[in-house]
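S.K.: Sending over a structure as structure tokens; questions will come in a sec.
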């Protein structure tokens with residue numbers, strides 16, 4: 001074998017070796033490669049690391065005929081700006097304002113897809129009301145006139161609950177007030193419809209309780225049908241894990257949206 005032949009063989013062998021390595025890398029099984037997989041399946045991240053992730057698309061995502069009349073829904077993410085709301089409990093580095101904003105955005109997007117006209121009372125960054133007093137807190141007394149000026153057909157305010165004295169207390173709580181400010185009896189009926197949709201939906205919860213004997217500014221003083229929902233207790237481990245799970249957030253938002261949709265479609269407002 002002469003020198004040229006030997007060099008040619010060595011070159012061919014090197015090319016075959018490189019081709020093998022390239023094919024192995026493309027298959028995801030290259031030597032020493034860390035893929036984050038176990039047994040061929042993706043390892044799920046802990047729920048506390050998933051806050052803000054886009055939920056997985058599911059085959060049973062709700063699909064409805066769009067509302068024909070532009071029913072106007074105002075969505076109020078509780079707290080925001082420097083006001084974090086509930087922070088104690090099992091939410092880790094997150095506080096109430098983080099969770100309420102994520103659920104509110106999910107709810108807005110779903111309602112938009114159903115044909116509703118929607119607005120958020122705030123984006124958590126820039127107060128958008130003339131009654132704002134520049135203290136970087138958007139209080140209930142500031143939100144009420146802002147909502148009234150918008151003149152929505154319905155308001156839903158989203159919050160997180162806490163009960164530090166007993167970490168077994170859990171579940172979803174819904175509030176409404178049917179009083180002389182309201183031009184109709186929708187507050188009670190929409191709240192009931194949302195409760196039913198959550199019970200029949202995919203967002204797991206230990207229980208749902210409806211309250212009509214609490215007086216809250218956003219349900220009392222707004223001149224539109226209104227509900228306030230406490231979506232879970234940050235002081236309960238299971239509730240907190242759910243609220244930090246973007247898939248659960250999406251399922252809850254779907255259920256709330258379905259409750260709103262069911263009321264307006266069943267009452268001739270489409």
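Bear in mind that the values in this text are calculations on the coordinates, not laboratory data. Note that the structure is predicted; figures quoted are calculated from it, not measured. Note that we place each Cβ from the backbone using ideal geometry, even for glycine, and neighbour counts take in every protein chain shown.
S.K.: Looking at (1) more than 17 Å from the chain's Cα centre (by Cα); (2) not in a loop (DSSP other than H, G, I, E, B), which is the one condition that is false for residue 102?
M.R.: So residue 102 meets the others, but not (1).
S.K.: Here's something else I'd like to know. Scanning segment 213-223 for residues that are in contact with a helix residue (DSSP H, G or I) (Cβ under 7 Å, 6 or more places away or on another chain) and more than 25 Å from residue 98 (Cα to Cα), which turns out surrounded by the most Cβ atoms within 10 Å (Cβ to Cβ)?
M.R.: Top of the filtered list is 221.
S.K.: If you go through segment 144-152 one residue at a time, do you hit one that is touching a strand residue (DSSP E or B) at 6+ places or on another chain (Cβ under 8 Å), in contact (Cβ under 8 Å) with a residue 24 or more places away in the chain and assigned to a helix (DSSP H, G or I)?
M.R.: Yes; the residues of segment 144-152 include at least one that is touching a strand residue (DSSP E or B) at 6+ places or on another chain (Cβ under 8 Å), in contact (Cβ under 8 Å) with a residue 24 or more places away in the chain and assigned to a helix (DSSP H, G or I).
Yes or no, residue by residue, for (1) more than 20 Å from residue 155 (Cα to Cα); (2) crowded, with 24+ Cβ neighbours inside 10 Å; (3) in contact (Cβ under 8 Å) with a residue 40 or more places away in the chain:
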site: 227; (1), (2), (3): no, yes, yes
site: 234; (1), (2), (3): yes, yes, yes
site: 240; (1), (2), (3): yes, yes, yes
site: 246; (1), (2), (3): yes, no, yes
site: 249; (1), (2), (3): no, yes, yes
site: 260; (1), (2), (3): no, yes, yes
site: 264; (1), (2), (3): no, no, yes
